[in-house]
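Take a look at the structure below.
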Amino acid sequence: MRFPWGCYTTFMKILAFETSCDETALALLEATGGLKSPKFKVVENLVSTQINIHRPFGGVVPNLAKREHLKNLPVLLKRILNSSAKGGSASGGKSYLPRRQAGILNSIDLVAVTVGPGLEPALWTGVVFAKELAKKYKKPIIGGNHLEGHLYSFLLSHKKPIKFPAIGLIVSGGHTILLNMESLTSWKKIGETRDDAVGEAFDKVARILGLPYPGGPEVEKLAKSGKVTIDFPRPMLTHKNYDFSFSGLKTSVLYFLRDNPLPTGRQAKAKKADIAASFQQAAIDVLVKKTINAAQSFGAKTIILGGGVAANKALRDALKKEAKRVRKEFLVPKSEFNTDNAAMIAAASYINFLKKKKYKITAQANLNM
Ligand code: KG4
Ligand code: ZN
């Protein structure tokens with residue numbers, strides 16, 4: 001292994017931090033291989049969720065997120081080091097633990113941290129913490145793009161070569177993006193949402209239905225017991241472009257409830273379940289149709305899905321089925337890597353390290369891809 005920056009290395013130990021929203025996440029990864037087929041071994045992947053803190057407010061409160069990250073970062077770091085130190089091969093009793101922990105930090109090749117996009121106060125906490133740690137242990141530090149993390153998260157469990165060109169679909173609480181990818185590192189954005197992101201629409205519909213935050217998983221859970229009985233609009237489905245719009249779909253759920261008040265008693269839950277199922281189906285229809293259209297138009301061999309909404313099984317199943325029908329390979333992250341985590345930031349950072357792509361190590365709330 002040769003350093004510093006830009007020199008090719010075949011094996012790296014990466015410690016990554018992710019604090020862009022309401023999850024404090026740390027991961028320890030071993031990365032190897034070049035840009036054509038990078039390989040990752042996730043040694044530790046810790047996520048401390050703040051759901052219970054933000055739930056009473058119905059959404060993420062940036063300053064509360066910041067406060068929690070500040071509290072959680074040292075705790076998670078200690079937990080990662082403890083666990084690695086105990087599992088390590090070094091001999092000695094308990095008193096050797098601090099020395100072994102320092103040894104682990106010394107053995108790290110790269111510190112990675114999400115620099116954006118995300119909530120600025122939340123991003124700052126991770127950036128400052130990671131920078132200080134890198135400085136103390138004299139390690140190189142690299143900035144990770146949260147969206148690239150989502151795009152690459154399938155790599156954390158995928159070992160085979162990827163066939164390009166590929167279409168990438170990123171679906172999260174803040175973004176809905178379609179990419180035409182020539183390779184793992186070269187892509188063109190071909191479409192994105194013009195208003196709400198699809199995850200945002202799930203969250204807002206959940207609120208309309210009186211479901212707790214975060215809404216996406218709650219809508220999916222409720223939809224399972226419902227039927228698709230309401231013909232909600234499929235926005236921009238027939239437009240000859242790859243952009244999306246989910247704000248009107250959310251509003252039509254609101255108007256439907258205004259015009260069709262919920263029955264009382266047990267029937268209310270059944271009606272809500274039908275609304276959830278019908279809304280979910282409308283959103284999925286648009287995502288799947290646009291992605292498949294793009295894959296066919298651009299001659300893609302592979303479709304890659306990533307982002308928090310990729311945790312939605314109905315979406316994964318629908319896209320997988322359609323991808324199979326049109327003979328495209330379908331790649332999706334393992335369940336624990338769909339929503340925010342630091343392992344994906346380590347993966348994205350390794351790829352950017354190999355590519356010599358550098359982000360400024362500062363909080364960049366509106367960072368793009
Ligand atoms: O990627 P992510 O964890 O954070 C952002 O980068 O935004 O995505 C969070 C979004 C939220 O809007 C959440 O409601 C949605 O992903 N989500 C889901 C599901 N799980 C999470 N949406 C639909 N179905 C799910 N199962
Ligand atoms: Zn995310």
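The values are calculated or read from the model by the stated rules, or taken from the named source; none is laboratory data. Values in this document were obtained by computation on a predicted structure and should not be read as measured data. A quick note on method: Cβ atoms are made from the backbone with ideal geometry, for glycine too, and the neighbour counts reach across all protein chains shown. To get the accessible areas, we keep the full protein, side chains included, count just its heavy atoms, and leave off ligands, DNA and RNA. Shrake-Rupley method; radii C 1.70, N 1.55, O 1.52, S 1.80 Å.
Kindly establish whether ASP259 is within 14 Å of ligand 1 (Cβ to nearest atom), free of Cβ contacts under 8 Å to residues at least 40 places away in the same chain and open to solvent by 30 Å² or more (accessible area, probe 1.4 Å).
Working: within 14 Å of ligand 1 (Cβ to nearest atom): no; free of Cβ contacts under 8 Å to residues at least 40 places away in the same chain: yes; open to solvent by 30 Å² or more (accessible area, probe 1.4 Å): yes.
For ASP259, the condition - within 14 Å of ligand 1 (Cβ to nearest atom), free of Cβ contacts under 8 Å to residues at least 40 places away in the same chain and open to solvent by 30 Å² or more (accessible area, probe 1.4 Å) - is not met.
Considering only segment 211-233, state which residues are open to solvent by 60 Å² or more (accessible area, probe 1.4 Å) and either under 23 Å from PRO56 (Cβ atoms) or at pLDDT below 95 (or both).
Selection gives PRO217, LYS221.
Taking the condition of being surrounded by fewer than 23 Cβ atoms within 10 Å (Cβ to Cβ), over 25 Å from LYS13 (Cβ atoms), of a type in the set (A, V, I, L, M) and over 19 Å from the mean Cα position of the chain (by Cα), how many residues in segment 316-357 meet it?
The qualifying residues number 2.
Can you tell me how many residues within segment 267-300 are open to solvent by 30 Å² or more (accessible area, probe 1.4 Å) and of a type outside the set (Asp, Glu)?
Going through segment 267-300 one residue at a time, the tally reaches 12.
Give me a count of the residues in segment 118-134 that are of a type in the set (D, E, K, R), over 19 Å from ASN368 (Cβ atoms) and in contact (Cβ under 8 Å) with a residue 60 or more places away in the chain.
Going through segment 118-134, the residues of a type in the set (D, E, K, R) turn out to be 120, 131-132.
Applying the additional criterion that residues be over 19 Å from ASN368 (Cβ atoms) yields 131-132.
Okay, now just the ones that are also in contact (Cβ under 8 Å) with a residue 60 or more places away in the chain, so 131.
Total meeting the criteria: 1.
Does segment 327-368 hold any residues that are within 30 Å of ALA223 (Cβ to Cβ) and in contact with a helix residue (DSSP H, G or I) (Cβ under 6 Å, 6 or more places away or on another chain), and which are they?
Of everything in segment 327-368, those that are within 30 Å of ALA223 (Cβ to Cβ) and in contact with a helix residue (DSSP H, G or I) (Cβ under 6 Å, 6 or more places away or on another chain) turn out to be LYS328, PHE330, LEU331, VAL332, PRO333, PHE337, ASN338, THR339, ALA343, MET344.
Looking at segment 155-192, which of its residues are more than 17 Å from the chain's Cα centre (by Cα) and either within 13 Å of ligand 1 (Cβ to nearest atom) or among the small types (Gly, Ala, Ser) (or both)?
Answer for segment 155-192, where residues must be more than 17 Å from the chain's Cα centre (by Cα) and either within 13 Å of ligand 1 (Cβ to nearest atom) or among the small types (Gly, Ala, Ser) (or both): ALA166, SER183, SER186, GLY191.
What are the residue pairs meeting all of these: first residue in segment 288-308, first residue without any contact (Cβ under 8 Å) to a residue 60 or more places away in the chain and assigned by TED's automatic domain parsing to the domain that holds ILE190, second residue within 16 Å of ligand 2 (Cβ to nearest atom) and in a helix (DSSP H, G or I), Cβ atoms under 8 Å, and 6 or more apart or on different chains?
VAL288/LEU315
List, please: which pairs have Cβ atoms under 8 Å, are six or more places apart or on different chains, and start with a residue in segment 268-283 that is of a type in the set (Asp, Glu) and end with one that is open to solvent by 50 Å² or more (accessible area, probe 1.4 Å)?
Short answer, once both residue conditions are applied: ASP274/LYS227; ASP274/VAL228; ASP274/THR229.
I need every pair where a residue in segment 214-239 that is assigned by TED's automatic domain parsing to the domain that holds GLU192 has its Cβ under 6 Å from the Cβ of a residue that is part of a helix (DSSP H, G or I) and within 16 Å of ligand 2 (Cβ to nearest atom), sequence separation at least 6 or different chains.
Filtered contacts from segment 214-239: GLY215/PHE202; GLY215/ASP203; GLY216/GLY199; GLY216/PHE202; VAL219/PHE202.
Based on what the data block shows, is ALA268 aliphatic (A, V, I, L, M) and either within 22 Å of GLY149 (Cβ to Cβ) or touching a strand residue (DSSP E or B) at 6+ places or on another chain (Cβ under 9 Å) (or both)?
Numbers: aliphatic (A, V, I, L, M): yes; either within 22 Å of GLY149 (Cβ to Cβ) or touching a strand residue (DSSP E or B) at 6+ places or on another chain (Cβ under 9 Å) (or both): no.
Here the answer is no, as ALA268 does not meet what is asked.
Which residues, counting only those in segment 173-204, are open to solvent by 40 Å² or more (accessible area, probe 1.4 Å) and either basic (Lys, Arg) or part of a strand (DSSP E or B) (or both)?
TRP187, LYS188, LYS189, GLU192, ARG194, LYS204
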